[in-house]
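**Student:** Got a structure for you, written out below as structure tokens; questions coming shortly.
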């Protein structure tokens, strides 16, 4: 096979780290872990060691796709204090502002450090010392901020400057760092060296964990040492669906993103969308996205949303035609309960890396720390999440879920399988737009047989809250007119926009590879050669 492998990541530093690991003899899992650990410095506004995520892996020694869940868990196993620190900040997205909830009370039990350590332990080839070396250098010596990262810093400025620990990273010279400035996190370099030497134990049951839990409880948090000690990385069987002639392995419940993507693919298959012309297909995708949006409105008979889905056998293997019909009947014309909002977070603080190698390994990792709670765990350089303050992943309301509950997410690292091997890896950031971004990339590539670049750059749609949003760049004038006339609420974006996610994808192509990072979010892709 031509080339060592292919990588697509959120920025040049993560891409360089993964490339170096492949050239050093590492496999796709090694490279993905190296990229992710590096991104905790180079994409610090989007992700970090105090967040959570998911990994989709194909290990040819096992022969089946695997999903690892290391997302946030609701804390409070040691009891919930009455006084918690939980407050609102307003972030500006240009013409609109949106409120976010941060503070010590917004921190869920983090999983990133344990999760990345676990997937490397099970599936990596090089030592963790070798894999973590690029990330340690990046944190200790610093990396130059890209234009994309600097723009995100500006959006998050009220949070980035909200505490001494945050200012030390984001504004070491007093003012917020900008494009070309060097961002360093030497405390995090020390934490990574500790992770290499002792594994995740110090961060979940040892002295570091005691310090984190004590700091947060003093500030007003539900999180205790008991919560950290109870945390586990979960290995799950992926949800399977079809896109054209390919099998797609998706993130299963309790996350919702994979179910929505599977439903969208099944709806298109039900409508025989593969036989449609371009114009009909475009409208079929819009209808599929609308059906996905109504998924949360299905009557549950007093059960939890996910229990109801399991009862319908949606989460057991392939989605059958009968199960799709039952679901659509259940959805009917159910009203959209979510109120119309014109200020949906266009950021979606999430980032993804995809890697394939010539030995058949495949790895996609998606991580986030929300907007962060506004604190760095003292002495660790670990920025802590604000998952308990994210409306999208707390559908029943803040602090409604019992302690120990694994939180839901839209994140969905995705594998495409053909003939018993992984032929593509993709994933996206973008909050609620993750489902629509991945769905359309799959359709463009594996139903319409476009190149990977076209599949990602093609104009996207998103339906949510009774409103259809779409990019008009590259779209035929007739399609634009039809969409305007077909939906009561439309929002048009004249150029490719980060609102519609950032699909970073790699694929096998003949005897070689393709790689493409979504320009909407400053993505980078590369085929790595010897």
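The values are calculated or read from the model by the stated rules, or taken from the named source; none is laboratory data. Keep in mind the model is a prediction, meaning the values are calculated, not measured. In this analysis, Cβ positions are derived from the backbone assuming ideal geometry, glycine residues included, and neighbour counts consider all displayed protein chains.
**Student:** Does residue 466 satisfy the condition of being surrounded by fewer than 24 Cβ atoms within 10 Å (Cβ to Cβ) and in contact with a helix residue (DSSP H, G or I) (Cβ under 7 Å, 6 or more places away or on another chain)? Reasoning before the result, please.
**Tutor:** Numbers: surrounded by fewer than 24 Cβ atoms within 10 Å (Cβ to Cβ): yes; in contact with a helix residue (DSSP H, G or I) (Cβ under 7 Å, 6 or more places away or on another chain): no.
So residue 466 fails the test.
**Student:** How do the pairs read when you match residues in region 224-248 that are at positive phi with residues anywhere that are crowded, with 18+ Cβ neighbours inside 10 Å, using Cβ under 9 Å and keeping only pairs 6 or more apart or on different chains?
**Tutor:** 244/442; 244/443; 244/445; 244/446; 244/447
**Student:** Are any residues in region 47-69 in contact with a helix residue (DSSP H, G or I) (Cβ under 7 Å, 6 or more places away or on another chain) and assigned to a loop (DSSP other than H, G, I, E, B), and if so, which ones?
**Tutor:** 47, 48, 49, 51, 59, listed by residue number.
**Student:** Sticking with this one: Could you pull out the residue among 220, 199, 211 that is surrounded by fewer than 19 Cβ atoms within 10 Å (Cβ to Cβ), closer than 18 Å to residue 51 by Cα, modelled with pLDDT of 95 or more and touching a helix residue (DSSP H, G or I) at 6+ places or on another chain (Cβ under 8 Å)? Spell out the reasoning first.
**Tutor:** Values: 220 fails: closer than 18 Å to residue 51 by Cα; 211 fails: touching a helix residue (DSSP H, G or I) at 6+ places or on another chain (Cβ under 8 Å).
Of the residues listed, the single one that is surrounded by fewer than 19 Cβ atoms within 10 Å (Cβ to Cβ), closer than 18 Å to residue 51 by Cα, modelled with pLDDT of 95 or more and touching a helix residue (DSSP H, G or I) at 6+ places or on another chain (Cβ under 8 Å) is 199.
**Student:** Applying the selection to region 17-46, what residues are out of contact with any helix residue (DSSP H, G or I) (no Cβ under 7 Å at 6 or more places or on another chain) and assigned to a helix (DSSP H, G or I)? Spell out the reasoning first.
**Tutor:** The first filter runs over region 17-46 and keeps only residues out of contact with any helix residue (DSSP H, G or I) (no Cβ under 7 Å at 6 or more places or on another chain), leaving 19, 23, 25, 27-28.
Residues satisfying the conditions are 19, 23, 28.
**Student:** Return the pair list, or none, for Cβ contacts closer than 8 Å from residues in region 107-125 that are more than 9 Å from residue 51 (Cα to Cα) to residues that are modelled with pLDDT under 95 and not in a helix (DSSP H, G or I), at least 6 apart or on different chains.
**Tutor:** Sorted first by the residue in region 107-125, then by its partner, the list stays empty.
**Student:** Out of the helices (runs of 4 or more DSSP H) lying entirely within region 112-162, which hold 2 or more residues that are over 30 Å from residue 199 (Cβ atoms) and touching a helix residue (DSSP H, G or I) at 6+ places or on another chain (Cβ under 8 Å)? I'd like the intermediate steps shown before the answer.
**Tutor:** Numbers: elements: 112-123, 128-141, 147-155, 157-160.
It comes to 147-155, 157-160.
**Student:** What residue, among those in region 163-175 that are in a helix (DSSP H, G or I) and touching a residue at least 24 places away in the same chain (Cβ under 8 Å), is surrounded by the fewest Cβ atoms within 10 Å (Cβ to Cβ)? Step through it out loud before you land on a result.
**Tutor:** Filtering region 163-175 down to residues in a helix (DSSP H, G or I) leaves 164-170.
This time we only want the ones that are touching a residue at least 24 places away in the same chain (Cβ under 8 Å), so: 165-166, 168-170.
Working: 165: 21, 166: 20, 168: 15, 169: 23, 170: 25.
The residue in question is 168.
**Student:** Looking at 409, 436, can you tell me which residue is outside any loop (DSSP other than H, G, I, E, B), within 25 Å of residue 524 (Cβ to Cβ), in contact with a helix residue (DSSP H, G or I) (Cβ under 9 Å, 6 or more places away or on another chain) and at pLDDT below 95? Break it down into steps so the answer makes sense when it comes.
**Tutor:** Working: 409 fails: outside any loop (DSSP other than H, G, I, E, B).
Criteria check complete, one pass: 436.
**Student:** Identify the residue in region 70-99 that is surrounded by fewer than 24 Cβ atoms within 10 Å (Cβ to Cβ), assigned to a strand (DSSP E or B) and touching a strand residue (DSSP E or B) at 6+ places or on another chain (Cβ under 8 Å) and, among all such residues, is modelled with the lowest pLDDT. Explain how you work it out, then say what you get.
**Tutor:** First, pick out the residues of region 70-99 that are surrounded by fewer than 24 Cβ atoms within 10 Å (Cβ to Cβ): 74, 76-99.
Those left that are additionally assigned to a strand (DSSP E or B): 87-92, 97-99.
Among the residues that remain, those that are also touching a strand residue (DSSP E or B) at 6+ places or on another chain (Cβ under 8 Å) are: 87-91, 97-99.
Working: 87: 93, 88: 91, 89: 89, 90: 83, 91: 79, 97: 67, 98: 74, 99: 81.
Applying the filter and picking the extreme gives 97.
**Student:** Let me ask another. Within region 439-454, work out how many residues are assigned to a helix (DSSP H, G or I) and more than 19 Å from the chain's Cα centre (by Cα). Break it down stepwise before answering.
**Tutor:** Looking only at region 439-454, we keep the residues that are assigned to a helix (DSSP H, G or I), and these are 439-446, 452-454.
Now restrict to residues that are more than 19 Å from the chain's Cα centre (by Cα): 443-446, 452-454.
Result for region 439-454: 7.
**Student:** Whether any residue in region 220-234 is part of a helix (DSSP H, G or I) and touching a strand residue (DSSP E or B) at 6+ places or on another chain (Cβ under 6 Å) is what I want to check.
**Tutor:** Of all residues in region 220-234, those part of a helix (DSSP H, G or I) come to 225-230.
Still in the running and touching a strand residue (DSSP E or B) at 6+ places or on another chain (Cβ under 6 Å): 227.
Yes, the conditions are met somewhere in region 220-234.
**Student:** State which residue pairs qualify: first residue in contact (Cβ under 8 Å) with a residue 24 or more places away in the chain and at negative phi and inside region 176-187, second residue surrounded by fewer than 19 Cβ atoms within 10 Å (Cβ to Cβ) and assigned to a loop (DSSP other than H, G, I, E, B) in any location, beta carbons under 7 Å apart, and separation of 6 or more residues or different chains.
**Tutor:** 177/171; 182/142; 183/142; 184/142; 187/379
**Student:** Surrounded by fewer than 21 Cβ atoms within 10 Å (Cβ to Cβ) and under 13 Å from residue 43 (Cα atoms): which single residue out of 184, 122, 137 fits that description? Full working, then the answer.
**Tutor:** Details: 122 fails: under 13 Å from residue 43 (Cα atoms); 137 fails: under 13 Å from residue 43 (Cα atoms).
After ruling out the rest, the residue left standing is 184.
**Student:** Applying the selection to region 235-264, what residues are assigned to a helix (DSSP H, G or I) and either surrounded by fewer than 24 Cβ atoms within 10 Å (Cβ to Cβ) or in contact with a helix residue (DSSP H, G or I) (Cβ under 7 Å, 6 or more places away or on another chain) (or both)? Reasoning before the result, please.
**Tutor:** Filtering region 235-264 down to residues assigned to a helix (DSSP H, G or I) leaves 257-264.
Result: 257, 259, 260, 261, 263, 264.
**Student:** Pairs under 8 Å by beta carbon, first residue at negative phi and free of Cβ contacts under 8 Å to residues at least 60 places away in the same chain in region 474-492, partner assigned to a loop (DSSP other than H, G, I, E, B) and surrounded by 13 or more Cβ atoms within 10 Å (Cβ to Cβ), six or more apart or different chains?
**Tutor:** 475/459; 480/472; 488/466; 492/472
**Student:** Could you grab me the full set of residues in region 1-26 that are over 18 Å from residue 516 (Cβ atoms) and more than 22 Å from the chain's Cα centre (by Cα)?
**Tutor:** 1, 20, 21, 23, 24, 25, 26
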